[in-house]
Amino acid sequence: MENQPQKDLQPEPNLQSSPSAPTQSTGDTRRNKIPKWVRLSLIPLSVIVVLAYGYLAYKTFFVKPVIKSYEECIKTKGSLIKESYPQVCVTKSGLIFTNEIVPVTIGSPTKAEDCYGQVINAKCPKGAQCVKAEPTESFCYCMGGSPEIREEGTEGQYDVCVINGEDYTDITFQDFEQGWYWGSYDQRKTGTPDNWVHSGEGTRSASWRKSDLTQTPSYLFVKSEGSCTDDTQCQWAGEGCGGGHGICTNNPDKYKNIVTTCDIVDTFPANLGYMCGCIETLNQCGWKR
């Protein structure tokens, strides 16, 4: 055989040693996955968050709260509350807010009696700083008036309560405090509680006063009406089943259809030992022992 010429053997190319294509980092890959519009929207959102935080910080440390009501005033640190009726709240800056007066139903108790109770029972809210207000002024405000100072001749200055442009002349805070006032039976002041009694008619000591069970007068005119000459002309009408209602009158027929309850009223004259009859010295139906 003829010797065939041998081919030059050349090394095959090493595929593993060939330079590889450049690869992207993990962070670049994630960023490429986030839509461009999302990345762009993060900028204004960040600005809004920073501005909101700055605004809240500004309001907290630099802007003083605006107080617009009594309720806001008593909740604000540094406010001063007057123990009065109605209650008055004064802010550190001097703003004054008055608590709303709840309408009072005139009847029993009388409006004046209710206002007296509101004034003497005024309490300072827990945790608040309070000062005591002048009770006569608080009573005047509760009655719907405004206190004024008058000056007249040698009498000097004196306080009055003005309601609807007129001086208040009915039962006063002082009358309630002392528990009595001078006056005849016909001079009973408007607002006098129903359980106040009259005594001393026809004498210089005639007066209206709180009912005192230890020193009760010989007769009462509360819950009574009509003239008379003897006991037969006066009857207890509309007494109800509880013995605490009705009236001593010379005309019982007008009360025959009155519907009452069975509540027992301790201060009613019949429950204090009095009987309906004629107070003959005054020719008036009333309650007597």
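The values are calculated or read from the model by the stated rules, or taken from the named source; none is laboratory data. Only a predicted model underlies this, so the values are computations on that prediction, with no experimental measurement involved. FYI the Cβ positions are ideal-geometry reconstructions off the backbone, even for glycines, and counts take in every protein chain you see.
Listed conditions (1) of a type outside the set (D, E, K, R); (2) surrounded by 12 or more Cβ atoms within 10 Å (Cβ to Cβ); (3) more than 22 Å from GLU280 (Cα to Cα) are all met by ALA237, apart from (3).
Looking at SER84, is it closer than 22 Å to GLY144 by Cβ, surrounded by 12 or more Cβ atoms within 10 Å (Cβ to Cβ), hydroxyl-bearing (Ser, Thr, Tyr) and at pLDDT below 80? So SER84 fits the description; yes. Of the residues examined, ASN250 is one that is in contact with a helix residue (DSSP H, G or I) (Cβ under 6 Å, 6 or more places away or on another chain), on the phi < 0 side of the Ramachandran plot and assigned by TED's automatic domain parsing to the domain that holds ALA206.
Is it the case that LYS132 is without any contact (Cβ under 8 Å) to a residue 24 or more places away in the chain and within 24 Å of GLU71 (Cα to Cα)? Give the derivation first.
Working: without any contact (Cβ under 8 Å) to a residue 24 or more places away in the chain: no; within 24 Å of GLU71 (Cα to Cα): yes.
Against the criterion (without any contact (Cβ under 8 Å) to a residue 24 or more places away in the chain and within 24 Å of GLU71 (Cα to Cα)), LYS132 does not qualify.
Okay, residues lined up against (1) at pLDDT 80 or above; (2) closer than 30 Å to ILE74 by Cα; (3) assigned to a helix (DSSP H, G or I):
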residue: LYS123; (1), (2), (3): yes, yes, no
residue: GLU137; (1), (2), (3): yes, yes, yes
residue: ARG150; (1), (2), (3): yes, no, no
residue: GLN157; (1), (2), (3): no, no, no
residue: ASP186; (1), (2), (3): yes, no, yes
residue: THR190; (1), (2), (3): yes, no, no
residue: GLY202; (1), (2), (3): no, no, no
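For the stretch 104-111, check the following and say yes or no: at least one residue is part of a strand (DSSP E or B), modelled with pLDDT under 80 and surrounded by 12 or more Cβ atoms within 10 Å (Cβ to Cβ).
Quick first cut of the stretch 104-111, residues part of a strand (DSSP E or B) only: none.
Checked against the condition, which is being part of a strand (DSSP E or B), modelled with pLDDT under 80 and surrounded by 12 or more Cβ atoms within 10 Å (Cβ to Cβ), the stretch 104-111 yields no hits at all.
Provide a single number: the residues in the stretch 176-195 that are within 33 Å of the chain's Cα centre (by Cα) and under 16 Å from GLU225 (Cα atoms). Don't jump to the end; show me each part of the working.
As a first pass, look at the stretch 176-195 and keep what is within 33 Å of the chain's Cα centre (by Cα): 176-181, 188-195.
Applying the additional criterion that residues be under 16 Å from GLU225 (Cα atoms) yields 188, 194-195.
Qualifying residue count, the stretch 176-195: 3.
Under the condition of being surrounded by 11 or more Cβ atoms within 10 Å (Cβ to Cβ) and modelled with pLDDT under 85, the residues counted in the stretch 125-135 number 7.
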